[in-house]
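Some notes on the structure that comes next.
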Amino acid sequence: MLRLIYRQLIYEPFRTTLTCLALASALALLLLLEGFQSGLLSQLKNVALNRGADLIVTQAGVSNFVASRSLLPQLSRERVEAIDGVTEAHPITMVPVIYEQEGYRKSPIFFFVYDTGGGPSVISSGRAVSKPRDIVIDKALAVLYDLKPGDPFVVADYRFQIAGITEDTSAFFTAFSFINYDDMIDFFFDSDLVGDISNLPLLSYLLVELESDAEVSSVAAAIERVEPNGDVFTPEQIALNDVALGRTLFGPVLGVLIGAGYVIALLVVSMIMFGAVHARLRNYGVMKALGFPDRMLLKEMILESIIMILLAFPLALLLAQTGSWFIETKVPLYRVPVTEFIPLLRTLIASLLLGVAGACLPYHIVSRQDPAVVFRS
């Protein structure tokens, strides 16, 4: 059976090549959609994990690090740092703003305001914040607006200077920028965005560092006792909550897109197998006349479809990797990892199942084929 399939594939190499290209294009679309979903969830997860904390204190009732408003009392830091086992509690404030540059569209960004910890984890060029009005921006903003270290960065008529460029600091299609608390206060007073200063968030989260021998659960319970207005989570818990929020908000939309991609792939496989069956009707008639049962012919069609999927998958991965590289180069705000093991394995298994389904759809044509037709002119 395999020898027969091999001879059929090499008998028409041009048809086989076009078939592989068509299948690879459909599968590459699936890989890109799966990668887009994985990248979105990975970005959400890394916001909390990359802050370098052992525990995170949020406002009571708030269990997320992104897409949530958290406000802690100003004395929370002092109370938390007085607990045995706590080395330091680093304050973090998140402020949403709009960045606009003449000739470009507006971009929503988040100011990540930090003091002693929680700043950018990876700076690809330039340096960290060290002087007044310094700001570190995400690579997505640098690419979109053609910015580099040393350039001005004006938000609401307040002029920052770009100290460095950081990578992988975005979530919910929003880039992050990092400033210190002194500049946040100056920004509040000098910019034209602020109304009543008393309503501004001056402390959103506390990133708690623990002593090496401290018991995490005991310290977390102690923090909740001394700070009744706060809740305490590990970074892993916050990361899982953020991923769950992302699945809730974007899961239905991405599910529809990925589902549509699988339908397209199924149609492509079905059309290819339908065309192959029509082109080989006389061959199948000869095989039936020689005594091949219908189930054997179905097995041959399924094996051929699976082999074509396996041949096309490496090319699909190459096409998807190229598309991912192009997207991330042009718009670094989006992460599209197409080579992550679980989504890759899921797509491969689904593709093989699609191959089986696509091979079965035109089977009724073969099953109704009259062997005597091959002897007619």
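The values are calculated or read from the model by the stated rules, or taken from the named source; none is laboratory data. Keep in mind it's a predicted model, so treat the numbers as computed, not measured. Here the Cβ positions follow ideal geometry from the backbone for every residue, glycine too, while neighbour counts run over all protein chains shown. These accessible areas exclude ligands, DNA and RNA; they are computed on the full protein's heavy atoms, side chains included. Shrake-Rupley method; radii C 1.70, N 1.55, O 1.52, S 1.80 Å.
In the context of the full set of protein chains, residues of the chain present 49 Å² of accessible surface per residue (probe radius 1.4 Å, heavy atoms only). Hydrodynamic radius of segment 233-377 by the Kirkwood approach over all distinct alpha-carbon pairs: 18.4 Å. Working from the Cα coordinates of segment 1-112, the gyration tensor eigenvalues give, after taking √(5λ), semi-axes of 54, 22, 10 Å in decreasing order.
Modelled spin labels at His364 and Ala260, positioned 7 Å past Cα toward Cβ, are 2.8 nm from each other. Let me check I've understood the local charge: for Ala221, count other residues with C-beta under 15 angstrom from its C-beta, Lys and Arg +1, Asp and Glu -1. What total comes out? Spelling it out: positives minus negatives among the neighbours equals -4. For segment 128-244, the share of accessible area belonging to carbon and sulfur comes to 49 percent (1.4 Å probe, ligands and nucleic acids excluded). Dipole magnitude for segment 70-210: computed about the Cα centre from +1 point charges on Lys and Arg Cβ and -1 point charges on Asp and Glu Cβ, it is near 280 debye.
Projecting the Cα atoms of Ala175, Val286, Ser218 onto the dipole axis of the chain, where Lys and Arg carry +1 and Asp and Glu carry -1 at the beta carbon, places Val286 farthest toward the positive end. Amide H contacts for Gln161 (H built 1.01 Å from N in the peptide plane; partners 5 or more residues away or on another chain; cut-off under 5 Å): Asp134, Ile135, Phe153. About its Cα centre, the dipole of segment 262-377 is roughly 240 debye, where the only charges are +1 on Lys and Arg Cβ and -1 on Asp and Glu Cβ. Spacing of the modelled spin labels on Leu310 and Tyr181, each 7 Å from Cα toward Cβ, amounts to 6.2 nm. Is segment 212-256 rounded, prolate or oblate when judged by the Cα gyration tensor, a ≥ b ≥ c being the square roots of its eigenvalues, rounded requiring a/c under 1.5 and prolate requiring a/b larger than b/c? Cα axes put segment 212-256 in the oblate bin. Excluding same-chain neighbours fewer than eight residues apart, the lysines reachable from Lys299 by a Cα-Cα span under 26 Å are Lys288.
Considering only chymotrypsin sites (Phe, Trp or Tyr not before Pro) in DSSP loops that have at most 16 other Cβ atoms within 10 Å, the longest stretch of the chain without any of them is 174-377. For the chain, the membrane-span-like helices by this rule, meaning whole DSSP H stretches whose C-alpha atoms cover at least 20 Å of axis and whose Kyte-Doolittle mean is 1.6 or above, are 341-360; this says nothing about an actual membrane. Rounded to the nearest 20, the Cβ-based charge dipole of the chain about its Cα centre (Lys and Arg +1, Asp and Glu -1) stands at 3100 debye.
For Lys45, the aspartates and glutamates whose Cα falls under 12 Å of its own Cα, not counting residues fewer than eight places away in the same chain, are Asp168, Glu236, Asp242. Taking every alpha-carbon pair under 8 Å whose residues sit at least 6 apart, segment 254-377 reaches a relative contact order of 50 percent. Using equal-weight Cα scatterers in the Debye expression, the normalised intensity of the chain in log10 at q = 0.10, 0.13, 0.14 Å⁻¹ is -0.75, -1.01, -1.12. Computed over the alpha-carbon atoms, segment 75-203 gives an Rg to Rh ratio of 0.99, Rh here being the Kirkwood radius from the mean inverse distance.
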